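Asks: Mind having a look at this structure? Questions to follow.
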Amino acid sequence: MQQLEAEPTTGRIATNNVIVYDQPSLDGKQLKTFWQDLVLPISSVTIGDIEPSYNRVWYEMNHEGWVHSSSVQPVGVQLNTPILDVPKEGALAEVTVPFTDAVWSIRFPNQPASRLYYGTTYWVTAVWLDADDMPWYRLVDDFYGFAYYVDARHLRLISPEDITPLSLDVPLKEKKLEVRLDDQVVIAWEGDQPVFMSRASTGRKYSTGNFSTPRGKFYTRHKRPSRHMAFGNLANPNSYDLPGVPWICYITENGVSFHGTFWHNDFGRPRSHGCINLTPQAAQWVYRWTLPEVPFGKQVIYKEPATLVEIK
C-alpha cells in the first residue's frame, strides 16, 4: 500500500492560535501561544497521550515546546526559477513556500490582495515584470473573477508528470474508493487489494445546519485541479473563503468532493462542510487515480466513465 507522508521538518501554524506545552500532552504545562502563520522548524515528532485518541501525533516546534499536530500544516520552502513563457491558455501552478502574499498591482508590492498557502494551486495566465525586472505571475480568481499578482519564485508550474494518471491498466470496474465515516479514512481498492489509505476529515453538524457527508454510492464525474471555495457570510464562524483549494474530485451536484486541505491538519475526525478533506498530497493521489482523466492544461472536466465511491 502506498505511503505518502514523510516526517515533516517545517510547520506553519494553521489555526488562529495554538498552545505550546512542555510535554506532548494536553495535561502538560502551558508555556506560550503560537499565532497563525508563524513558521518554525519541527524539531521532532512523537506519539503523545491517549487524548485526543483520533490523532496522537505531536510536534516539537523549534525546541520551544510541544504542539498538537492538528494545528500545524507541514510545509516546504522551495524557491523556483520563474517560467517566462506561459501558454496562452494558462498553466497550473502550486505554492511551494509556507505562504506568499499576492498583490493587486506589481507597482505597489506592499499592498496585499490575498494570502496564498503552501500546497494550494492556481492558474497562471501571464507573466509580468516589475520595474526591477522581477517576474510576477498573474492569477485570475475563479470565484470572484479579479486578477492579482504573486512573486513567481513562490509558485512551481505543474508538469504533465505531476498529474499522470495512475493504474490505467486496472479495469474501471476493479477500482473503488471507500470512505469509512466511523473511522474517518479513505481506502482505494483495486479488486480486493487495498492500494492506498489516508486519514480524512468528513462533514459534521454545525450551528448553521447539518453538513454531514452523505452515505451511499457516488462517482467522480466532475474534477478540477483548483477551486476557490467560499460559503456564507465571513462574519459567521461557520463560513469560509478558501482560494486555491487543490485536487478536487466532486461526487455530488451540490459540491461534496475529495480535496486537499491547508487550513488544518486535524484529520481523523469530522470537521468539514460535507466534503472529504485530505492532505494536498493524498488529494493529488486520488485525483490522479480516479477517472475521468483531466487533460494537462485543462481547468475542469465533467464526463464519464468515472470511478465508484462508496461512503459507509
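Asks: Looking at segment 148-167, can you tell me whether even one residue there is among the hydrophobic types (A, V, I, L, M, F, W, C), under 17 Å from P112 (Cα atoms), in contact with a strand residue (DSSP E or B) (Cβ under 9 Å, 6 or more places away or on another chain) and surrounded by fewer than 18 Cβ atoms within 10 Å (Cβ to Cβ)?
Replies: No, the conditions are met nowhere in segment 148-167.
Asks: Could you list all residues from segment 200-247 that are of a type in the set (A, V, I, L, M, F, W, C) and either within 24 Å of Y54 (Cα to Cα) or at pLDDT 95 or above (or both)?
Replies: Within segment 200-247, A200, F211, F218, V245, W247 meet the criteria.
Asks: Within segment 115-140, which residues are in contact (Cβ under 8 Å) with a residue 40 or more places away in the chain and of a type outside the set (V, I, T)?
Replies: Result: R115, L116, Y117, Y118, G119, Y122, W123, A126, P135, Y137.
Asks: While we're here: Condition (residue is part of a loop (DSSP other than H, G, I, E, B), in contact with a Lys or Arg (Cβ under 9 Å, 6 or more places away or on another chain) and under 24 Å from S114 (Cβ atoms)) applied to segment 280-296: is it met by at least one residue?
Replies: Taking segment 280-296 as the starting set, the residues that turn out to be part of a loop (DSSP other than H, G, I, E, B) are 290-296.
Narrowing further to those that are in contact with a Lys or Arg (Cβ under 9 Å, 6 or more places away or on another chain): 290-294.
Now narrow it down to the ones that are under 24 Å from S114 (Cβ atoms): none.
The answer is no, given that none of the residues of segment 280-296 is part of a loop (DSSP other than H, G, I, E, B), in contact with a Lys or Arg (Cβ under 9 Å, 6 or more places away or on another chain) and under 24 Å from S114 (Cβ atoms).
Asks: Could we say that G255 is of a type outside the set (A, V, I, L, M) and over 15 Å from the mean Cα position of the chain (by Cα) here?
Replies: So G255 fits the description; yes.
Asks: Quick one: which strands (runs of 3 or more DSSP E) sit completely within segment 198-276 and have at least 1 residues that are in contact (Cβ under 8 Å) with a residue 12 or more places away in the chain and closer than 16 Å to F143 by Cβ?
Replies: Because the criterion is at least 1 residues that are in contact (Cβ under 8 Å) with a residue 12 or more places away in the chain and closer than 16 Å to F143 by Cβ, the strands (runs of 3 or more DSSP E) in segment 198-276 that meet it are 222-231, 240-250, 257-260.
Asks: Filter segment 2-15 for residues that are in a loop (DSSP other than H, G, I, E, B) and at pLDDT below 95 and give the result.
Replies: Scanning segment 2-15 gives Q3, L4, E5, A6, E7, P8, T9.
Asks: Take D183 and tell me if it is within 22 Å of the chain's Cα centre (by Cα), farther than 24 Å from G244 by Cα and not aromatic (F, W, Y).
Replies: Answer is yes for this residue.
Asks: Within the set of pairs 6+ apart or on separate chains, which have a first residue in segment 19-32 that is of a type in the set (K, R), a second that is surrounded by 11 or more Cβ atoms within 10 Å (Cβ to Cβ), and C-beta atoms under 6 Å apart?
Replies: Going by the 6 Å Cβ cut-off, the qualifying pairs are K29/D22; K32/V20.
Asks: Suppose we filter segment 33-51 for residues that are more than 15 Å from H264 (Cα to Cα), without any contact (Cβ under 8 Å) to a residue 24 or more places away in the chain and not hydrophobic (A, V, I, L, M, F, W, C); how many remain?
Replies: Summing the residues that are more than 15 Å from H264 (Cα to Cα), without any contact (Cβ under 8 Å) to a residue 24 or more places away in the chain and not hydrophobic (A, V, I, L, M, F, W, C) in segment 33-51 gives 4.
Asks: Sort out which residues of segment 91-114 are farther than 20 Å from W263 by Cα and free of Cβ contacts under 8 Å to residues at least 60 places away in the same chain, and write them in order of number.
Replies: Narrowing segment 91-114 to residues farther than 20 Å from W263 by Cα: 91-92, 103-111.
Correct list: V103, W104, S105, I106, R107, F108, P109, N110, Q111.
Asks: Across segment 272-306, which residue is surrounded by the fewest Cβ atoms within 10 Å (Cβ to Cβ) among those that are hydroxyl-bearing (S, T, Y) and over 13 Å from S257 (Cα atoms)?
Replies: Applying the filter and picking the extreme gives Y302.
Asks: For segment 113-154, how many residues are assigned to a strand (DSSP E or B) and either of a type in the set (D, E) or under 26 Å from P292 (Cβ atoms) (or both)?
Replies: So in segment 113-154, the residues assigned to a strand (DSSP E or B) come out as 113-117, 121-129, 135-140, 147-151.
Pick out the ones that are also either of a type in the set (D, E) or under 26 Å from P292 (Cβ atoms) (or both) and you get 121-125, 139-140, 151.
Adding up the residues that qualify gives 8.
Asks: Does T81 meet the test of being more than 28 Å from M134 (Cβ to Cβ), among the hydroxyl-bearing types (S, T, Y) and either assigned to a strand (DSSP E or B) or not assigned by TED's automatic domain parsing to the domain that holds Y240 (or both)?
Replies: In short, no.
Asks: Further, regarding this structure: Kindly provide the set of residues from segment 33-81 that are among the small types (G, A, S) and either under 18 Å from S201 (Cβ atoms) or touching a helix residue (DSSP H, G or I) at 6+ places or on another chain (Cβ under 8 Å) (or both), ordered by number.
Replies: Within segment 33-81, S53, S69, S70, S71 meet the criteria.
The values are calculated or read from the model by the stated rules, or taken from the named source; none is laboratory data. Only a predicted model underlies this, so the values are computations on that prediction, with no experimental measurement involved. In this analysis, Cβ positions are derived from the backbone assuming ideal geometry, glycine residues included, and neighbour counts consider all displayed protein chains.
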